[in-house]
Every structure is written in C-alpha cells, then in structure tokens.
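Before any comments, here is the structure.
Please treat every number below as a calculation from the coordinates, not as lab data. Computed from a predicted structure; not experimentally measured. Please note: Cβ atoms are built from the backbone with ideal geometry, for glycine as well, and neighbour counts cover all protein chains shown.
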C-alpha cells in the first residue's frame, strides 16, 4: 500500500492486469452478486433525474421491480446504499443488447446524449473498490478479484493493461486529474523498483 493525497492505494492496482471482455463475460459483474453497486446520495439524485427515460427502455421485469421497491436499497451487510437487484441478482438498470450483453441503461442514456451523468462511480471503477481504511479518515483503493472476471484478467495481461489504467476515467472522475498523474508517477517508480 502507498499513500497519495490521503488515499491508500493497493499495490495490486499496479501488479494485476484487467480489461473487460464483454463478448465473453456478457456483463457478468452487473448480473451476479449479493449486493447492488454502492451509490451516494448525490448519485441517487442523478438517477432520479433520468428515471422516467430509463423506465422507457428497461425490460418489463425491471420496471415492475423499480415501481414496487425502488431503484436503490440499503444493504445491512456491508452497510451501504446500492442499486436494487432483480431476483436473479441483476442490477435493475441492466438490459441485454442484441448480442446478449448486459448494458447499463444509465450509461446508454449518457452515450445517446440524453443525460449528462454516466453512471455510479463505483460501477465505472470496477474492479477497484473504495473502502474506509482502519486508519481514521482514510479511504483505500483495493483490487477486487472475482472469478467471473478471469477473461478480463487474461485480456488485461495480453494487452499489458494494469488495473489502475483500465479505470483511469473513473479515478479522474472521483479524485481528479492530479491524483491520477500522481498514480502514474508512483507506477513508474514501482516498475523501476521491480527491476532492481
């Protein structure tokens, strides 16, 4: 672990490689799991702004779930508010495209120019997770290893894509360009250290 601007960063963000291979996994990270994606109160307000548009393009099952129990919920363990899930574990904002790949409708609306907000930062940061450090007041960035992402790990190794570079846009969105540039410098120093 090393420290940048009071953020603890795991070495695994440099050591491990990752690059989503949607043709193979079909968006499994949005279809499987016990909890929805962590969201902030500000992100909930952003989702509320585009909810009507999202409901227009979501499958009927998703619409029913959102109308009956909402698009977000509190998860007692591990104590956060996240997106709601369907009975099969899929995010309520997920729909499949013509190739059977799970696509986020929030992101779809963003890329179609119908929204200026992309999706929760926690989604864009995956496989990096933010946690509260045991050191009071510090956040920690950790690599979350999940067996459903083995294809992404293989593709990342093939293309020499370290985890932190894969999530570059999300890191900048969350912590700013300066933080990311410091990550790059730390990575170069780390690489040089590995060569000794």
| request: Sort 8, 125 so the one with the fewest other Cβ atoms within 10 Å of its own Cβ comes first. | output: 8, 125
| task | Mind pulling the angle between the C-alpha long axis of helix 41-57 and the longest principal axis of the chain? Nearest 10 degrees, somewhere in 0 to 90. | result | 50 degrees
| Helix 60-69 axis, angle to the chain major axis (alpha carbon atoms, nearest 10°) | 90 degrees
| request: Sort region 34-119 into rounded, prolate or oblate with this rule: let a ≥ b ≥ c be the square roots of the eigenvalues of the Cα gyration tensor; rounded if a/c is under 1.5, and if a/c is not under 1.5, prolate when a/b is larger than b/c, oblate otherwise. | output: oblate
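Per residue of the chain, what 222 nm ellipticity follows from adding -39500 (n - 2.57) for every DSSP H run with n ≥ 4, rounded to the nearest 500? Walk me through the numbers on the way to the answer.
Details: 10 runs with 87 residues, N = 196.
The per-residue figure over the chain is -12500 deg cm²/dmol.
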| Order of 150, 17 - criterion: other Cβ atoms within 10 Å of each residue's Cβ, fewest first | 150, 17
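Let me know the Kirkwood hydrodynamic radius for the chain, please, with Cα pairs as the basis and the value in Å to one decimal. Mind dumping the intermediate values first?
Values: mean 1/r = 0.0559 Å⁻¹.
For the chain, inverting the mean 1/r across all distinct Cα pairs yields 17.9 Å.
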| said: When a/c reaches 1.5 or more, the comparison of a/b and b/c decides; with that in mind, is region 94-145 rounded, prolate or oblate per its Cα gyration tensor? | reply: oblate
| When a footprinting reagent is the concern and you count Cβ atoms within 10 Å, what order do 83, 108 take, fewest first? | 108, 83
| message | Using only the alpha-carbon atoms, how far is helix 177-195 inclined from the longest principal axis of the chain? Give it as 0 to 90 degrees, nearest 10. | response | 50 degrees
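What shape does region 126-196 take by its C-alpha gyration tensor, where a ≥ b ≥ c are the square roots of the eigenvalues and a/c under 1.5 counts as rounded, a/b above b/c as prolate, and the rest as oblate? Write down the numbers at each step before the final one.
Numbers: a/c = 1.55, a/b = 1.15, b/c = 1.35.
Oblate, since a/c reaches 1.5 and b/c is not below a/b.
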| region 45-60-region 120-194 distance, computed between alpha-carbon centres (Å) | 29 Å
